[in-house]
Amino acid sequence: MSAPFRFPKFFVTNPSPCPYLPGKVERKVFTELNGRQAGELNEALGRIGFRRSQSVAYRPSCIDCSACVSVRVAAGEFQPGASHRRLIRRHADLEVSACKPWTTEEQYALLRRYLSARHPGGGMAEMDEGDFADMVEQTPVRTYVVEYREPSRGGRPGRLVGACLSDQQGDGLSMIYSFFDVGPHARKGLGTYIILDHIVRAARAGLPYVYLGYWVEGSPRMAYKTSFRPLERLGRDGWQRMDEQAPEPAERQPLELPVRPDRHRILIDA
C-alpha cells in the first residue's frame with residue numbers, strides 16, 4: 001500500500017526587484033519537495049507552471065503582474081528550420097553524455113566564465129563552489145547534468161564546452177539551467193544547440209515536451225525561446241499553442257543527432 005498523499009504547504013517570498021522587467025517587483029509561491037512522493041509532486045506542479053530549484057518547487061505570484069509565462073516545446077512535432085539544421089551540422093562532432101548530478105571543478109569553471117560574460121550582475125554572479133554543488137546535487141527527483149564536450153583525443157575526454165542541468169519527467173525533459181562556452185573564440189550557437197539536443201532526445205524517447213521555463217514578452221533575454229515551434233504557453237485555460245509565426249524554410253528529412261556507439265543507457269541520452 002502506498003503512503004497517503006499529504007497536500008503540500010505553500011509559502012510566499014517577500015517582494016524583491018524583478019530581474020526581467022525594470023521597475024517591477026517579483027514574488028514567488030513555493031513548496032518543499034521531499035519524501036517518497038517528491039517526484040510525483042514535482043511533475044504535477046510542473047504541469048501547472050512550477051519550476052524546481054534544489055528541493056523547492058516555485059512559481060511567480062506577483063501582485064500586479066503576470067508577465068512570466070511557462071512555455072514548453074512539443075518535441076514530437078518540432079520542425080527545425082534551416083538555421084537549426086546548420087547548428088546540428090556545425091556541432092555534430094560534440095560528444096554528449098548524461099551524467100549523474102555530481103559537480104566537478106571543470107563544470108564550475110565553465111559556469112564562472114559563462115556568468116562573468118553573460119550575467120555579471122545577476123543573482124548567480126556570486127555563486128561559489130558550494131552554492132553550485134547545492135544547485136546540482138540537492139535534487140529529490142531524476143536529474144542529470146548533460147555534458148557537451150569537444151572530441152576526445154588519445155583516449156582522454158575533450159574540453160567541456162556546455163552543460164545543462166535537466167530533470168527527466170514522465171511527460172518530458174525540464175531544462176533547469178544551461179551554461180556554455182562564450183567569448184570571441186567559442187563555438188557559435190551552443191545555447192540553441194543544447195535546446196535542440198534536448199528536443200530531439202525527448203522525441204526519440206517518446207517524451208512529448210521539453211520545458212523551457214518562463215518566457216516574458218518584451219524581455220530580450222527571453223526572446224530566443226519563441227524560435228522553437230510548436231511552442232505552448234500556460235494560461236488560465238491550460239496549455240495552448242502560441243500564435244504561429246511564419247516559420248523558416250524547413251528541410252524535409254527528419255532531424256537527427258549523431259548516434260554514438262558508447263552512449264549511456266539512460267533515457268535522456270537515448
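The values are calculated or read from the model by the stated rules, or taken from the named source; none is laboratory data. All of these numbers come straight from a predicted model, not from anything done at the bench. Cβ: placed from backbone, ideal geometry, glycine included. Neighbour counts: every protein chain shown. Note: accessible area is taken over every heavy atom of the protein model, side chains too, but ligands, DNA and RNA are not part of it. Shrake-Rupley method; radii C 1.70, N 1.55, O 1.52, S 1.80 Å.
Of note:
- Relative contact order [Cα under 8 Å, 6+ residues apart], region 1-159, whole percent: 21
- Ligands, DNA and RNA are left out, and with a 1.4 angstrom probe the accessible area of the chain is 55 Å² per residue.
- Efficiency of FRET between residue 185 and residue 129 - r from beta-carbon atoms, R0 22 angstrom, step 0.05: 0.30
- Amide N proximity, region 73-91 versus residue 204 label position 7 Å along Cα-to-Cβ, cut-off under 19 Å: 73-81, 84-91
- Taking the protein heavy atoms of the chain in the context of the full set of protein chains, the accessible area attributed to carbon and sulfur is 51 percent at 1.4 Å.
- For region 144-224, the share of alpha carbon pairs falling in successive 10 Å distance bins from zero is 16, 43, 32, 8, 1 percent.
- Per residue, the average separation of C-alpha pairs within less than 8 Å and at least 6 apart gives the chain a relative contact order of 23 percent.
- Chain lengthening between residue 40 and residue 227 when straightened (0.36 nm per residue, less Cα-Cα): 64.3 nm
- Short-range pairs are left out: with C-alpha atoms under 8 Å and at least six residues apart, the relative contact order of region 103-185 is 29 percent.
- Residue 112-residue 241 pseudo-label distance in nm [points 7 Å out on the Cα-to-Cβ vector]: 4.7
- Reported label for calculated Cα Rg over 2.2 N^0.38 Å given (1) 1.01; (2) 1.12; (3) 0.92: (1)
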